[in-house]
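Have a look at the structure below, then the notes.
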């Protein structure tokens with residue numbers, strides 16, 4: 001075979017090269033973790049924004065429905081029309097359903113906000 005003498009400089013060079021390579025691998029792992037966290041954060045932020053918009057839409061719709069129910073009730077009282085009272089009552093049922101949806105959205109928003117803080 002070959003009679004190859006390994007010098008001190010060769011050992012130092014290989015040790016140095018290995019250390020640099022390990023450092024490079026560690027930095028790549030760190031970059032990957034950071035990118036993954038950023039993607040998760042961005043997805044959560046988008047989901048939170050969507051939930052906030054949905055909540056705002058429901059609140060606006062709830063307010064408008066409530067106004068319409070009040071108007072129908074006033075009109076029914078003036079005209080003494082039972083059908084208008086029934087319509088007003090039906091609108092009040094939908095209002096309570098929307099309030100439940102809004103409360104559910106609040107819970108989801110709180111959960112997502114906590115998840116975002118944990119990232």
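The values are calculated or read from the model by the stated rules, or taken from the named source; none is laboratory data. The model shown is predicted, which means the values in this text are computed figures rather than measured ones. Note that we place each Cβ from the backbone using ideal geometry, even for glycine, and neighbour counts take in every protein chain shown.
Return a yes/no flag: does the stretch 69-81 have any residue that is part of a helix (DSSP H, G or I), in contact (Cβ under 8 Å) with a residue 24 or more places away in the chain and surrounded by 13 or more Cβ atoms within 10 Å (Cβ to Cβ). Looking for residues that are part of a helix (DSSP H, G or I), in contact (Cβ under 8 Å) with a residue 24 or more places away in the chain and surrounded by 13 or more Cβ atoms within 10 Å (Cβ to Cβ), one finds at least one in the stretch 69-81, hence yes.
Per-residue answers, yes or no, for (1) touching a strand residue (DSSP E or B) at 6+ places or on another chain (Cβ under 8 Å); (2) loosely packed, with under 11 Cβ neighbours inside 10 Å; (3) modelled with pLDDT of 95 or more; (4) outside any helix (DSSP H, G or I):
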| residue | (1), (2), (3), (4) |
| --- | --- |
| 19 | no, yes, yes, no |
| 33 | no, yes, yes, no |
| 48 | no, no, yes, no |
| 55 | no, no, yes, no |
| 67 | no, no, yes, no |
| 83 | no, yes, no, no |
| 98 | no, no, yes, no |
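Being over 25 Å from residue 112 (Cα atoms), free of Cβ contacts under 8 Å to residues at least 40 places away in the same chain and in contact with a helix residue (DSSP H, G or I) (Cβ under 9 Å, 6 or more places away or on another chain), is that true of even one residue in the stretch 54-62? Steps first, answer last, please.
Residues of the stretch 54-62 over 25 Å from residue 112 (Cα atoms): none.
No, the stretch 54-62 has no match at all.
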